[in-house]
Amino acid sequence: MSQLDKDIISMRDLSKDQVTGILERARYMDERLKARDPPRSLAGRMIASLFFEPSTRTRLSFETAAKCMGGMVTGFSSPKGTSVEKGETLSDTVRTVEQYADAIVMRHPFEGAARLASEAVSIPVVNGGDGSNQHPTQTLLDLYTIWKHKGTFDLKVALVGDLKHARTTRSLAYALGMFGADIALVAPKGLEMSTEVVDEVRQQWGTNITHAHDPATSLGDVDAAYVVRIQKERFADPLELKRLQRSYRITKDTLASLKSDAIIMHPLPRVDEVETSVDQSDHAVYFDQAYNGVPVRMAVLEMLINGGDA
Ligand code: NCD
């Protein structure tokens, strides 16, 4: 197994060996959490959680992960009230935070912000989402969820919804390619994944990728359907947003078309693209997926801060 590098900014920065190491360590953390005996390997360590954009799961599961391992947490959940409002640069903010903390977890609306921050400081930086670009630790917990429920990546996985703007599906498409899964892209016209991202995954991993527009008729042969909401904050044109809102929806009828052991995943938050009646079905694993954020982020924080083999 190989050690992690200083930061986790993009799935492209991680090798298959490193990802496998994280998933194995996450399984160990999961067992320790279930036994109510998490390792105290971050005792005395401070994690800075810098969220320049809204978050529920990413921020809380990182903070929970740090605290479960005996670590401490500082930071903010919105730039409101920080010196960003006085005009401070991102680089100066993170160089300041570096004086207080052993690692930074950050989310920012601008693509490339986490990379810029990582270059400004010598402590580890974890990208908790940068604009429409990447969300690598979400992908790690998504992979962990698939592995936990299906036991293999020799699968066909559908990515469903606003694939134009969702960073989670960009990161995940790359990782699914890395692990040899087939990918079905299911997006309404106008919300397709960019050809650049699709071509990169195909060229890098030789992935079998198909395209469809309607989840009602295109999920019959998939092992997992990963649904994302319309990313309304990323639309440049409000009319376009209005036209595409409610353009796809997973309903009880959709469930009837699935393989009996197919799973439905969602990074959450959900708006209206998955009917709440779906939650009761055995197909729905998205709240377990949210739980998996804790053991996976425990593994990530421990490996970045304390080193050791992935
Ligand atoms: C996602 C995100 O922020 O990209 N949320 C998350 O981290 N679970 C998905 C989303 O906002 O749609």
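Computed values, structure above
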item: Estimated FRET transfer efficiency (residue 251, residue 36; beta-carbon r; R0 35 Å; 0.05); result: 0.35
item: In Hz, Karplus ³J(HN,Hα) per residue of the range 217-232 (6.51, -1.76, 1.60; θ = phi - 60°; x = Gly, Pro); result: 10, 10, 10, x, 10, 9, 8, 8, 10, 9, 9, 10, 7, 5, 8, 4
item: Surface accessible to a 1.4 Å probe, per residue, for the residues of the chain, Å²; result: 43 Å²
item: Surface share of carbon and sulfur [accessible, 1.4 angstrom probe, percent] for the chain; result: 48 percent
item: Estimated 222 nm signal from helices in the chain, with DSSP H stretches of n ≥ 4 weighted -39500 (n - 2.57), rounded to 500; result: -12000 deg cm²/dmol
item: Alpha-carbon centroid distance for the pair the range 1-60 / the range 262-277, whole angstrom; result: 24 Å
item: Qualifying lysines (Cα of each under 28 Å from Cα of residue 80; at least 8 residues distant if same chain); result: 67, 232
item: Range in the chain, longest, excluding exposed trypsin sites (Lys or Arg not before Pro) [loop by DSSP; at most 15 other beta-carbon atoms within 10 Å]; result: 81-188
item: Built amide H within the under 5 Å cut-off of residue 284, gap 5+; result: 264
item: Principal-axis tilt of helix 57-68 within the chain, Cα atoms, nearest 10 degrees; result: 40 degrees
item: Net lengthening on full extension, residue 199/residue 85 (0.36 nm per residue, minus Cα-Cα); result: 37.1 nm
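The values are calculated or read from the model by the stated rules, or taken from the named source; none is laboratory data. Quick caveat, the model's predicted, so the values are computed rather than measured. No Cβ is skipped: glycine too gets one built from the backbone with ideal geometry, and neighbour counts run over all protein chains shown. When the accessible area is computed, the model is the full protein with side chains, heavy atoms only, and any ligands, DNA or RNA have been set aside. Shrake-Rupley method; radii C 1.70, N 1.55, O 1.52, S 1.80 Å.
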